[in-house]
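J.: Below you'll find the structure I mean.
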Amino acid sequence: MSIKIRFFASLAETVGYRETACPYAAGLTVESAWREVTGQETLPSGVMCAVNHSYCEPADLLHDEDEVAYFPPVTGG
C-alpha cells in the first residue's frame, strides 16, 4: 500500500529526486505526504498540488495507490 509522489521543475531539484513513494496510512493528506517524503515541516507557500491529475488542497485525504504531484509556484509577467 503506497502513494506515488512526483516533483516537478525546481521542486525536483530542491528535494533531489523526481519520483518516490510514500507508505499509505489512514488519515494521510497531501501535506502530510510532503512532510513524510521531504522531511520539511510544512509545504512551501505557493506550491500547487494535484492528486490523480486533478488539482487539490493540501488538506485533502489520500487513498491507497493515489498519485500526488507537487508543482512550484509559477510567475509570469
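J.: List the trypsin sites (Lys or Arg not before Pro) within region 1-71 that DSSP assigns to loop and that have no more than 13 neighbouring Cβ atoms inside 10 Å.
T.: Arg18
J.: Go through the chain and name the chymotrypsin sites (Phe, Trp or Tyr not before Pro) that are in a DSSP coil and have 16 or fewer other Cβ atoms within 10 Å of their Cβ.
T.: Taking the chain and a limit of 16 other Cβ atoms within 10 Å, the loop chymotrypsin sites (Phe, Trp or Tyr not before Pro) found are Phe8, Tyr17, Tyr24.
J.: Another question about this same structure. With a probe of 1.4 Å, find how much accessible area the chain has per residue, and write the answer as a whole number in Å².
T.: 61 Å²
J.: Still on this model: Restricting to the chain, what percent of DSSP beta bridges are antiparallel, rounded to 5?
T.: On the way: 13 of 17 bridges.
Percent antiparallel among DSSP bridges in the chain is about 75.
J.: Counting residues in the chain as N, plug N into 2.2 N^0.38 Å and put the Cα Rg over that result.
T.: 1.02
The values are calculated or read from the model by the stated rules, or taken from the named source; none is laboratory data. Small disclaimer: the values here were computed from a predicted structure and weren't measured. Using ideal geometry, Cβ is built from the backbone for each residue, glycine included, and neighbour counts are taken over all protein chains shown. With ligands, DNA and RNA removed, areas are computed over all heavy atoms of the protein, side chains included. Shrake-Rupley method; radii C 1.70, N 1.55, O 1.52, S 1.80 Å.
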